[in-house]
Structures are given as structure tokens and as C-alpha cells.
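What follows is calculated from the coordinates using simple rules that are stated; it is not laboratory data. Being a predicted model, the structure only gives us computed values, none of them experimental. Counting neighbours? That spans all protein chains shown, and the Cβs are built from the backbone with ideal geometry, glycine included.
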Amino acid sequence: MKTETTVSFETKFEEEVFEGLTAFPKFLSSKYFYDKKGDKLFQDIMALPEYYLTNCEFDILSEHTEAIARTFNSPNGFDLIELGAGDGKKTKILLRHLSENNYDFNFLPIDISQNVLDELKTSLEKELPNVEVRPQQGTYFEVLERLAEYKERKKVIMVLGSNIGNLLHPQAILFLKNIRESMVEGDLLFMGFDQKKDPQTILDAYNDKTGVTAAFNKNILVRINREMQADFDPDNFLHWETYDPETGTAKSFLVAKKEQSVFIGTLGLKVHFKQWETIHTEISQKYDDDVVEWLAKEAGLQIDGQFTDNKEYYKNYIFTK
Ligand code: AVI
């Protein structure tokens, strides 16, 4: 007879940690990297010389600003809606150009964190006082659902940073479908996709010499320690990155350097690790035009244009419904 123990969870995070650390092979979701310290480590990653993604997208937005602005524009203006706005460093290139050239637009940054939105609004008020900023706090889906009702003028939905790459293809299609549902004919989606390239360049981007990415990956253990009264020793794990040039998938792992047991207090769970056992923590998918076209088709979208940097490391695509 099968005996079932019921474990109750205070949070989704607890539930997913339980699921991932009792599975074989073990896994954790990269969406939990981003607490206060994780946000800061990710900012540091974006400034690393190895992490080419930031500079490539920065170059695309700087080199093609006017062409992008013209694609966004419509006779009665548009609303620029950014999912996961962050500190807006890259977006400000576009906003400055749009504002200086008197484009008729509002900027609607969406973020789960009210704190991030407040800081962004304050910095924009100082740097670009003519830009009308209307922050929207909530998850992407909550806010997109709200915005689906809004049909007054053209919506341009923007997702920078190749954030879609942290999703497996089926989840990426669902994400695109969700965005599609909030669009009406004439609206646009402008989204960044990191491209397949020399595998070594990709491995270096996720395995920097200074160890910032390793700290970012291990931060999930630190977070479990703090939020779930656990006793992980992050030094007992090493950060390991792989890249499969066939599928374009970069994967991050935490690898147990020695046999050990960890106790997670709030879950009452003892987790055993054999030496060299892994926890898979993140995927960072790399794309080419064929894969992006396939994703778009599956989601009911069309590619209407693309912008790239001079090395063709990264692309921002325009999608329509
Ligand atoms: C947020 N995301 C697109 C980053 C990436 O490239 O997958 C997160 C990251 N992980 C390690 N370095 C950066």
C-alpha cells in the first residue's frame, strides 16, 4: 500500500523547492535567483566584459534608434509597455530619442517590484522630464490582462534582455501566446533573443573569471537558507555551465563537491547529496531565425522585422498578430 505524507507549504517557493530537491535529478527554478542580493548580482553580471548580451542590445538600440522609433510610431501615437523594466538603462536610449524627437507616446513600465518602479520613475523624472511615465505594478500576466482591455491606441510591448531564454520552448510559446492575447491588430511586440554563436563565447558569458555568475547561481542556496531555515554550505557546491550547440541550450548546475546532507527547517526535509550529484538551476536558450520563426508560428504571431548588432550575436525581432 502506498502511504502518502501531506506537506503543506507557506509559499510557492517552498513548494517548488520541495518538488525540485526530492526529484531525480534535482532541480530548482532560476526565477528564485532574484531576491535583493540576486538583483544586485545580476546587475554586476550585466556589467561583466564576458556577458556580451547587454552591450549587443545596447548597440542595437543605439545604432537603429530612429528605425525602431519609426516602426513603433502610428498616426495617433503609441503606448510603450515594457515587461520587466529593471533600471531602464537600455530603454532610456529609446526614450531619450522618442522624447527629443517629439514622438507622441507614453511609457508604461511593468514590474513585480514596486520598489524598482519607484526608482525608475524618479530617475526618469530627473533625466527625461518630458516622458509621461505610468508604472504598472504586478506580474506580467496580471498587467497584460488589464492592458488587453485597452484598445485606444497602438500598443508596443517590449521585452529586452533575452529573458525568454530562461524558459523551455513550451513555456516560451505560452508566454508569447499570453502576450498575443493582450494585443489587437496593429499592436507590436519588440523582443530580444540571444543568438547561437561560437560555443566558447557563450560558455565564457556564463562562467566569468571573477566568479560573479557562480555567486549568482549559489545565491539560490543562500536564499533557501535564509527563507527556509536550511543549512546549505554554498562552498560545498561548484557552479558548472554547459552549452549544447545542437539545441542552443546553455544550462547551469550546482554540483555537490562531496557527499552531504542538508536540512531544510520549514519543510522538515532532509536532502541527501551523493558526491558529484547535480542541481539543475537555469537554462539560457540561444536562438536562430528558424527557431524564432517556429516559436512565433506556434504562438500565432508573425515576424515583421529584425534588428541586429554588427557581430550578429543578438537580435531584437518585431512581431505582429
Ligand atoms: C535574465 N536572463 C536572461 C539571464 C540569462 O542570460 O540567462 C540570467 C543570467 N544567468 C546567468 N547569467 C545571466
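Here are the numbers for the structure shown:
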| quantity | calculated |
| --- | --- |
| Inverse of mean 1/r across different Cα pairs in region 20-114, Kirkwood, Å | 15.9 Å |
| Using a Förster distance of 30 Å, the FRET efficiency for Q306-A47 (Cβ separation, nearest 0.05) | 0.70 |
| Cα centroid separation, region 251-308 to region 68-144 (Å) | 29 Å |
| All aspartates and glutamates inside 15 Å of K40 as judged from Cα atoms, apart from same-chain residues fewer than 8 positions distant | D87, E119 |
| Nearest-ten-degree value, helix 212-228 long axis tilted from longest Cα axis of the chain | 60 degrees |
| Helix axis angle, 91-100 relative to the chain longest principal axis, alpha carbon, degrees | 10 degrees |
| The chain: calculated mean residue ellipticity at 222 nm from DSSP helix runs of at least 4, using -39500 (n - 2.57) | -11500 deg cm²/dmol |
| Sorted largest first, extent of region 91-188 alpha carbons per principal axis (Å) | 41, 30, 22 |
| Cα-centre dipole for the chain with unit charges at Cβ (Lys and Arg positive, Asp and Glu negative), debye to 20 | 360 debye |
| Rel. contact order, % - alpha carbon contacts under 8 angstrom, at least six apart, the chain | 21 percent |
| Reference-scaled alpha-carbon Rg (2.2 N^0.38 Å with N residues) for region 196-259 | 1.27 |
| Spatially proximal lysines relative to K177 (Cα-Cα < 22 Å; intrachain offsets below 8 disregarded) | K31, K151, K154, K155, K286, K297, K315, K321 |
| Space enclosed by the convex hull of the alpha-carbon atoms of the chain, per residue, Å³ | 155 Å³ |
| Label-point separation, N101 to K297 (7 Å along Cα→Cβ), nm | 3.4 nm |
| In degrees, nearest ten, helix 169-181 long axis to first principal axis of the chain (Cα) | 40 degrees |
| Cα Rg over Rh - region 39-168, Kirkwood | 0.95 |
| Virtual spin-label span in nm between F24 and F263, 7 Å along Cα→Cβ | 2.5 nm |
| For region 163-321: Kirkwood Rh in Å [reciprocal of mean 1/r, alpha carbons] | 17.9 Å |
| Rel. contact order, % - alpha carbon contacts under 8 angstrom, at least six apart, region 198-259 | 33 percent |
